[in-house]
């Protein structure tokens, strides 16, 4: 079995939303988006507005659900 990247598994996210009475279609309707956009966001954090909406519903930070989307990029300081 392939390892899953850190963060929430998409099925865990969908289950948590269902427990609160939210479906992918309901989220899409609320945000005036297509359901596919919500699905892709649950899978990989594609849409920032959907990430923010879902994280608020679940009461967690988006970085906790999709850490790869919010990965800290470190840069070396320029030599002066």
Please return the ranges of helices (runs of 4 or more DSSP H) entirely within the range 1-59 where 1 or more residues are under 12 Å from the mean Cα position of the chain (by Cα). 10-19, 35-44, 48-58
Considering the range 32-56 alone, what residues qualify as being crowded, with 16+ Cβ neighbours inside 10 Å and either on the phi < 0 side of the Ramachandran plot or touching a strand residue (DSSP E or B) at 6+ places or on another chain (Cβ under 7 Å) (or both)? 33, 37, 38, 39, 41, 42, 47, 50, 51, 53, 54, 55
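Only the coordinates and a few stated rules stand behind these numbers; no lab work does. Computed from a prediction, not measured in an experiment: that's the story for all the values here. So basically every Cβ, Gly included, is an ideal-geometry build from the backbone, and we count neighbours across all protein chains shown.
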